[in-house]
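Have a look at the structure below, then the notes.
Here, each number is a calculation from the coordinates, and none is a lab measurement. Note that this is a predicted model, so its numbers are computed, not measured. Quick reminder, even Gly has a Cβ in these numbers, built from the backbone with ideal geometry, and neighbours come from all protein chains shown.
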Amino acid sequence: MKMKILLLPIMMIGLMAMSLRSSAQDVEELLSKYTSENGSNYLQPFADAFSANLNSGLFHNARLKKMGFQIYLGLETQMAPIGSDKKTMTASTQGDFFPSTTVNDVPTVFGSTEGKKVTDSQSGLTYVFPGGLDLDWVPLATPQLTIGSVFGTDLTLRYFTTSQFDDVGDIDLFGWGIRHSIDQYLPLPINLTVGYYHQTFKIGDYMDAASNLISLQTSYSIPFLTFYGGVGYESGSMDIAYEFEDAAGKTQDIRFDLTPSNSVRMTLGLGLNLGPVKLHGDYNLASQSTFSVGMGIGIGE
Amino acid sequence: MKKILIPLVVAWMMMPSCDLKDVKLYPSMSESTTEYIHHQGSYSETGIYNVTEIKNSINDLDAEGRVTDVMIEGLYLNILLNTQIDYPVTTATSTSADLILTDWDGIDFNLADDVTIELNKTSQTVNLHEYLDSEGVNQLRDMLFDVATNAVPAGATEVRVALNGVMTPVNGFVNAQVDIVIDLSIEFTPE
């Protein structure tokens, strides 16, 4: 079975490399059972959580100067809590098992580690749906630079690359975003900006993910504290491809084109300003919600 | 301040990795035995699955841990006609056969009953699901579990499956290579 996948992006910060390396290997084996719609459903919660994480932590205030130097460099961390509805799916038996049977409460990639077995009492044949990793959270971390402001506009960049994992190829994250101040045109008691962000994430030939976020952002600051929030519309894609070798030794190219389920999100956050040190946390309410915490150095914000 | 905040953030990010559980794995594999049938009227041929070869196949699976279950997911026949050039070509139009499993103690179990095979194609696959006898399938599963868990009785080296059948018409001849294939999933539980 030649397939290396998925949970590797979580490893990008390296903190969980040891434990998650074995998880990636487990997922490789678990997913080997799935070559069609079951596979898409099995992985869909991962696409939802990963994309939701990627679109989180992109801003922590909405204050943009009309013209002047502003910079923020930090590490943004995100956590997507996995609800019970994301841990099970409805699936159908595949392969040589007859009669074809549709079964509820089959584990997804985040579901129980125990597989679901279905036995046909007449023939005595048993089909097993693989279990999952029994995860309650999916984390992500991304380095981020935001720089401005020119005519009330700033630019956000996210970038990460590594070739450390020989057997999966390069892992690349690249994201950019642009924000423009609205409150420079309107006499408002709060800061208001509109922003667009686009990010891509690739793992060798195995995973190609992209996400887009359009958001309306607002913030209000008092000494040491910034209250911020926003509403956004997000979309994305995640293509996963691998080579599958079946029990008979036949190789097939398997491909899953997933669409993350999130569309509208609402953000509510609080920032702590300790001179140039900025610490902030927010909650993003959506179909797949996330928490985000970031810390960095900000000047002129 | 930074000295406190950084470990806090790191600890928070580490939390999910602490939650990682031991994962049961269910890799799939196939075992097959080949029987050559070149008979007129009726036949009885026995296919042999070598215990050591089955065990080696299980050991080759990409999974670690203790084998805690063996599941038979499918049983089917791959049939090739007229492969043995030293024998006459097939003249029978169909055959009806039983598959008989012999357990470690020499007791026979019906694995499949009255499997009807139309002999009108040079190559075909016959899924046995509608002919299977659950008692025989369960017995086969138990024997394969014994193999996977090193519980095979001393001296037993083979799993034997006989194919007993008759031709239609009764004086028809069959020249066929028959593979009896078992699709399996093996449950590995981390130790």
In degrees, nearest ten, helix B:2-18 long axis to first principal axis of chain B (Cα): 20
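Relative contact order of chain B: what whole-number percent is it, with Cα pairs under 8 angstrom and at least 6 residues apart? Don't skip to the answer; put the middle values down first.
On the way: 416 pairs, mean separation 82.4, N = 191.
Result for chain B is 43 percent.
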Folded to 0 to 90 degrees: helix A:37-54 orientation relative to chain A principal axis, Cα: 20
Binned Cα-Cα distance frequencies in region B:82-143 - 10 Å width, integer %: 20, 38, 28, 15
Loop-located trypsin sites (Lys or Arg not before Pro) in region A:43-133 whose Cβ has at most 13 other Cβ within 10 Å (DSSP): A:Lys66
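If the convex hull of the alpha-carbon atoms of chain A is projected onto planes in all directions, what is the mean projected area in square nanometres? Display every interim value, and only then the final one.
On the way: hull surface 64.7 nm².
Averaged projected area of chain A's Cα convex hull equals 16.2 nm².
With n ≥ 4 as the cut-off for DSSP H runs, can you work out [θ] at 222 nm for the protein assembly as shown, using -39500 (n - 2.57) per run divided by the number of residues, rounded to the nearest 500?
Values: 5 runs with 74 residues, N = 492.
It lands at -5000 deg cm²/dmol.
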Relative pair counts by distance (%), Cα atoms of region B:31-86, 10 Å bins: 15, 39, 25, 15, 5
Once the Cα gyration tensor of region B:25-189 is diagonalised, semi-axes √(5λ) in Å: 31, 15, 14
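Do the alpha carbons of any pairs in B:Lys55/B:Lys121; A:Lys117/A:Lys250; A:Lys87/B:Lys55; A:Lys202/B:Lys55 sit beyond 31 Å of each other, and which pairs? Present the calculation step by step, with values, prior to reporting the outcome.
Values: B:Lys55/B:Lys121 34 Å; A:Lys117/A:Lys250 25 Å; A:Lys87/B:Lys55 34 Å; A:Lys202/B:Lys55 39 Å.
The answer is B:Lys55/B:Lys121; A:Lys87/B:Lys55; A:Lys202/B:Lys55.
If eta is 1.567 mPa s and T is 4 °C, what Stokes-Einstein diffusion coefficient results for region B:127-166, Kirkwood Rh from Cα pairs, in µm²/s?
On the way: Rh = 11.8 Å.
Calculated translational D: 109 µm²/s.
Hey, what did chain A get for relative contact order, percent, Cα under 8 Å, at least 6 apart?
Values: 789 pairs, mean separation 62.6, N = 301.
Taking the mean separation of contacting Cα pairs over the length of chain A, I get 21 percent.
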Size of charge dipole - region B:25-189 - debye, nearest 20, with Cβ of Lys, Arg +1 and Asp, Glu -1, no other charges: 400
Distance histogram in 5 Å bins (all Cα pairs of region A:220-301, percent per bin): 3, 12, 15, 13, 11, 10, 9, 8, 6, 5, 4, 2, 1, 0
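Could you check how many percent of all C-alpha pairs in region A:141-249 are farther apart than 22 Å? Before the final figure, lay out each step's value.
On the way: 2847 of 5886 pairs.
So the portion of pairs separated by more than 22 Å is 48 percent.
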Average projected area [Cα convex hull, region A:64-118], square nanometres: 7.8
0 to 90° range, to nearest 10: angle between helix A:17-31 axis and chain A longest Cα axis: 50
